[in-house]
Structure formats: C-alpha cells, structure tokens
Amino acid sequence: MKIFKIITLFPDFFQSPLKSGLLGKAIEKGLCHIECINLRQWGEGQYRQCDDYPYGGGSGMVLMPVPLLKAIESCKGDSKVLYPSPSGTVLNQDMVKELFHHDSFLFICGQYEGIDQRVINRYVDYEISIGDYVLSGGEYAALVIIDALCRYIPGFMSNPESLSDESFENYLLEYPQYTRPREIDGMCVPDILISGDHEKIRRWRLEKSIEKTRATRPDLYRLYIAKKDEVKQ
Ligand code: ADE
C-alpha cells in the first residue's frame with residue numbers, strides 16, 4: 001500500500017480525481033491511500049493567513065514557514081517529502097521508478113511565488129518539476145506525480161505488460177497504435193500489423209519508435225543510442 005499525504009490550501013481540488021479513473025479505483029481497492037491536509041488550519045490570526053510578502057521585495061506572495069512547518073510536523077512520520085516546483089529536477093520515468101522504492105510520500109503544494117526556503121532546507125527530500133512551464137499551483141503537479149507512481153503498483157493497471165512497452169521505457173517513445181476499423185476514409189492500418197508475423201511486427205514497431213524519437217525528442221534519442229546495448233529491444 002502506497003500512502004500519499006498532500007498539504008494544500010485547496011483540498012477540494014483533489015475531490016474528483018480521487019473518485020474517478022484508475023486512481024479512484026486503486027483507492028477503492030486499497031492499493032493506495034490519499035489524504036489531503038488543509039494548510040489553512042495552521043494559518044495565523046483571524047483570517048488564518050498562510051502567505052505573506054517576500055522579504056527583499058518583488059511581486060507575489062510566499063507561503064509562510066510557520067503554518068507549513070506545523071503542518072509537516074503533524075503528519076510527516078516516515079514519509080519522503082516532495083515539493084513540486086518549477087525550480088526542481090525535471091521528472092522523468094527513471095525518477096518515477098526510483099521514487100517508487102518509497103512507501104509513503106508527503107507533498108507540499110505551493111502557491112504564488114512558492115514556499116519559504118527554510119521549509120525546503122529542513123524537510124524537503126525531493127524538489128520536482130513536471131516540466132519547463134509554470135503552473136498556478138503545486139496541486140496539478142502533485143496529481144501528475146502521484147498518477148505516474150501509482151501505475152507501478154501491482155494491480156493498478158488493467159494490463160501491466162504495457163508498463164514495459166510504452167513511451168520512455170528503453171529511452172524510446174511509443175510506436176503508433178491502431179485499432180478497428182481497418183480502413184476509414186482511405187486511411188489504412190499498415191499491412192504488417194495484420195500479417196500475424198510477430199517478429200516482423202516487433203521490428204517494425206521498434207523502427208517506428210526510433211524514427212519518432214529521433215524526430216521529436218533528439219535528447220532522448222541520444223540517450224537511446226548511448227544505452228542501446230544495455231536495454232531490452
Ligand atoms: N508548480 C508550478 N509550476 C510547476 C511545475 N512546472 N512543476 C512542478 N510544480 C510546479
């Protein structure tokens with residue numbers, strides 16, 4: 001059982017994703033447990049303030065350290081602390097696999113200009129970006145990371161074989177997929193996929209994966225070339 005705790009100012013944000021899709025099913029089956037902790041309960045004063053102006057000036061607000069430290073200390077236990085942030089290490093499939101070795105995770109969802117650096121220094125084990133763009137809150141990124149991790153829980157995927165046969169496994173993007181009908185408006189499924197020759201199909205798919213990766217992700221393609229002899233083809 002994987003445990004995900006999420007410190008957030010917007011616990012309602014997670015309502016629908018936790019009730020629907022594969023994540024909702026996994027929670028129902030007891031494969032994972034997801035708990036939202038409302039940061040506001042540790043806010044200061046009558047309005048339970050959780051953010052303040054940055055020292056040194058500048059635009060935007062920063063999440064205050066005291067409410068965050070109290071929130072973390074109330075629920076951290078043995079969890080690894082993850083802070084989704086555009087300044088973090090950019091997530092990739094290898095990192096997802098490495099993170100999966102842990103059983104319990106505590107996410108800190110920042111808003112505005114982020115969180116006080118002292119909280120990061122004291123508690124954060126992994127500062128993770130989900131890409132080179134800025135989101136309005138860490139909640140979006142937390143959900144992405146949780147979903148990417150849950151896919152490795154046995155019983156989460158209806159077809160676990162697809163885990164080893166998809167984009168980013170072996171440093172290649174996925175080959176094109178087709179399903180019925182065989183032809184629509186003159187667009188046909190490639191004959192080889194109907195040939196029944198599994199070895200030829202495997203080689204064709206590998207070739208298409210290589211072509212696609214070289215064209216759209218030259219960075220990944222270079223890794224593939226470098227690691228080709230180590231990975232399963
Ligand atoms: N918060 C805001 N932008 C983000 C990003 N790109 N990745 C993770 N957390 C974020």
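The values are calculated or read from the model by the stated rules, or taken from the named source; none is laboratory data. What you see is a predicted model, and the numbers here were worked out from it, not measured in a lab. Cβ sites come from the backbone with ideal geometry, for glycine too, and all protein chains shown count toward neighbours. For the accessible areas, the whole protein counts, side chains as well, though only heavy atoms, and no ligand, DNA or RNA atoms are used. Shrake-Rupley method; radii C 1.70, N 1.55, O 1.52, S 1.80 Å.
Here is a check on your reading of the model: is TYR83 of a type outside the set (D, E, K, R) and open to solvent by 80 Å² or more (accessible area, probe 1.4 Å)? The answer is no for TYR83.
Taking the listed residues SER129, SER158, the one that is over 16 Å from LEU68 (Cα atoms), open to solvent by less than 20 Å² (accessible area, probe 1.4 Å) and among the hydroxyl-bearing types (Ser, Thr, Tyr) is SER129, with no other qualifying. Within the stretch 36-74, which residues are acidic (Asp, Glu), part of a strand (DSSP E or B) and within 20 Å of TYR123 (Cα to Cα)? Correct list: ASP51 only. The set of residues in the stretch 51-75 being without any contact (Cβ under 8 Å) to a residue 24 or more places away in the chain and either more than 16 Å from PHE107 (Cα to Cα) or surrounded by 13 or more Cβ atoms within 10 Å (Cβ to Cβ) (or both) consists of ASP52, TYR53, TYR55, GLY56, GLY57. Would you check if TYR126 is touching a strand residue (DSSP E or B) at 6+ places or on another chain (Cβ under 7 Å), among the aromatic types (Phe, Trp, Tyr), under 26 Å from VAL90 (Cβ atoms) and touching a residue at least 24 places away in the same chain (Cβ under 8 Å)? For TYR126, the condition - touching a strand residue (DSSP E or B) at 6+ places or on another chain (Cβ under 7 Å), among the aromatic types (Phe, Trp, Tyr), under 26 Å from VAL90 (Cβ atoms) and touching a residue at least 24 places away in the same chain (Cβ under 8 Å) - is met. The set of residues in the stretch 133-147 that are more than 7 Å from the ligand (Cβ to nearest atom), among the aliphatic types (A, V, I, L, M) and open to solvent by less than 10 Å² (accessible area, probe 1.4 Å) comprises ALA142, ILE145, ILE146.
Picking from residues in the stretch 107-118 that are on the phi < 0 side of the Ramachandran plot and within 15 Å of the ligand (Cβ to nearest atom), the one that is most open to solvent (accessible area, probe 1.4 Å) is GLU113.
For the stretch 196-213, indicate whether the set of residues that are open to solvent by 40 Å² or more (accessible area, probe 1.4 Å) and under 25 Å from the mean Cα position of the chain (by Cα) is non-empty. So far as the stretch 196-213 goes, yes, one or more of its residues are open to solvent by 40 Å² or more (accessible area, probe 1.4 Å) and under 25 Å from the mean Cα position of the chain (by Cα).
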